[in-house]
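Following: one structure in structure tokens, then a few remarks.
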Amino acid sequence: MQNKIFAQDARVAMIGDSITHNGIAVAYIQEYYRTHFPSRNVKIFNLGIGGDNASNAYNRLDEILSVEPTEAVVMFGVNDMGVQNYRDNPTDDNLSAREQSRQRHLDGTVRLVKALIEKNIPVTLCSSVGRDEYTKSDKGLKTFGATKALYEMFEDNVKALSGMLKNTVDYLTPMQELGASLEEAGLPSLFCEDRTHPNVLGQNMMARILLRAQGLPVELPTLEDFKNGWQERKLPDDIKKRHAIETKWRDLHWVYPHQRDRTGNVPLEERIAFWKEELKKDLEQYFVNMYTNYVENAHMDDEYFKEYLALTDALYTK
């Protein structure tokens, strides 16, 4: 167990896509370490970016290193795989595109992980949580083997990085098994309506799965537990406050990968002006929310980060 848990004074970078970015699992993991290992002084930073993939994460390595991580947890897959190519009666082009996507994901993951290891940052590699293909309602995603492919991609990564990883975490298998059981019993789902992103309950389970993979005595609630009304313990106010400022900071950084291609390193005021123009276009509400947040709060980036660091330090200062 000692080799898998986060080390003394660890600064852990949680690197991923929107499942990491939007998730409260990071807060639950932080709270577990704060309450169970207070002298270990483990600090966990959410560096997920919505829409990201392994290759893009490598391109933002400087940002990841800005929190001075001593360990990293990496999870990608959903944005890498090209789910549109998983369909009934796939064409030869679909099949070819699947393989190309899987190879790009493998290459990107290996490149990112090796870059972190070269910086003396041990890496825990995670599978994706998969996609909800078991829901019986019309909202269920019928993606014709996409979830199975996500697990195979994870296996490819682990094999390619054999002997280099600190730990591996299989989110997909327990999330899919528990999700299917809950669906069969008519109990709440682990996923949001898009059947791809875990909801708060699913994020609770993700935190527990990672901690279990570290060898810690954390149980996954059973189907009977859920039938009896099981609920996760609520987070304390100081962790919720930290999560709130973390969310503000992360939401600003969601825009930055787009800036790399579209505004580059132009001055801040020009970047803000560019995204103001974007807001005049016919955009989905999600993009309107994120661009509006950026335009209104871009000047606060450094202040948000300073507050994030201060709240993180305060977790262990009594």
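The values are calculated or read from the model by the stated rules, or taken from the named source; none is laboratory data. Because the structure is predicted, anything quoted here is derived from the model rather than measured. No Cβ is skipped: glycine too gets one built from the backbone with ideal geometry, and neighbour counts run over all protein chains shown. For accessibility, only protein heavy atoms count, side chains too; no ligands or nucleic acids. Shrake-Rupley method; radii C 1.70, N 1.55, O 1.52, S 1.80 Å.
When both bridge partners sit in the chain, DSSP labels roughly 5% of those beta bridges antiparallel. Selection among 129, 82, 235 by position relative to the dipole of the chain gives 235 as farthest towards the positive end (Cβ unit charges, Cα centre).
For the chain, the C-alpha radius of gyration divided by 2.2 N^0.38 Å, with N the number of residues, is 1.00. For segment 142-168 versus segment 200-229, the inter-centroid distance based on Cα atoms is 22 Å. Basic side chains Lys and Arg get +1 at the Cβ, acidic Asp and Glu get -1 at the Cβ, and with that the dipole of the chain about its Cα centre reaches some 680 debye. Here the contact order of the chain, divided by its residue count and restricted to Cα pairs under 8 Å and six or more residues apart, works out to 18 percent.
Between segment 250-318 and segment 109-136, what's the alpha-carbon centroid distance in Å? When both Cα centres are located, 25 Å separates them. For segment 161-175, backbone phi angles converted through the Karplus equation (6.51, -1.76, 1.60; θ = phi - 60°) give residue-by-residue couplings of 9, 3, x, 9, 8, 6, 6, 10, 10, 8, 6, 4, 4, x, 5 Hz, Gly and Pro being listed as x. Normalised per residue, the accessible area of the chain is 48 Å², obtained with a 1.4 Å probe and no contribution from ligands, DNA or RNA. When nucleic acids and ligands are ignored and a 1.4 Å probe is applied, residue 249 ends up with an accessible area of around 10 Å². Highest mean packing comes first when the peptides 145-152, 230-237 are listed by Cβ atoms within 10 Å, giving 145-152, 230-237. Only one residue of 216, 272, 171 has its Cα farthest out toward the positive end of the dipole of the chain, where Lys and Arg carry +1 and Asp and Glu -1 on Cβ, and that residue is 216. Extension gain for the segment residue 119 to residue 200, taken as residue separation times 0.36 nm less the Cα-Cα distance, is 25.8 nm to one decimal. Note on the chain: GNM, Cα springs under 10 Å; of 50, 23, 215, the largest mean-square fluctuation is that of 215. Full extension of the chain between residue 286 and residue 36 gives 86.3 nm of extra length, using 0.36 nm per residue less the Cα-Cα distance. Evaluated over segment 96-233, the count of Lys pairs having alpha-carbon atoms less than 29 Å apart is 14 (only pairs 8 or more residues apart or interchain). With the charge dipole of segment 240-313 set up from +1 on Lys and Arg Cβ and -1 on Asp and Glu Cβ about the Cα centre, the Cα lying farthest toward the positive end among the listed residues 263, 287, 245 is that of 245. Rg/Rh, computed from the Cα trace of segment 49-206 with Rh as the Kirkwood radius, has the value 0.99. Test of understanding: in a Gaussian network model of the chain with alpha carbons linked when under 10 Å, which of 27, 207, 244 would top the mean-square fluctuation ranking? Highest fluctuation among the options: 244.
The magnitude of the dipole of segment 191-318, with charges of +1 and -1 set on the Cβ of Lys/Arg and Asp/Glu and taken from the Cα centre, is near 360 debye. Could you tell me what percent of the accessible area of the chain is made up of carbon and sulfur, with a 1.4 Å probe and every protein chain present? Roughly 49 percent, rounded to a whole number. On the basis of the beta-carbon distance and an R0 of 35 Å, residue 235 and residue 104 show a calculated FRET efficiency of 0.45. Of 132, 93, 251, the residue with the greatest mean-square motion in the GNM of the chain, using alpha carbon springs below 10 Å, is 93. Peptides 262-271, 36-45 ordered by packing proxy, namely the average of other Cβ atoms within 10 Å per residue, highest first: 36-45, 262-271.
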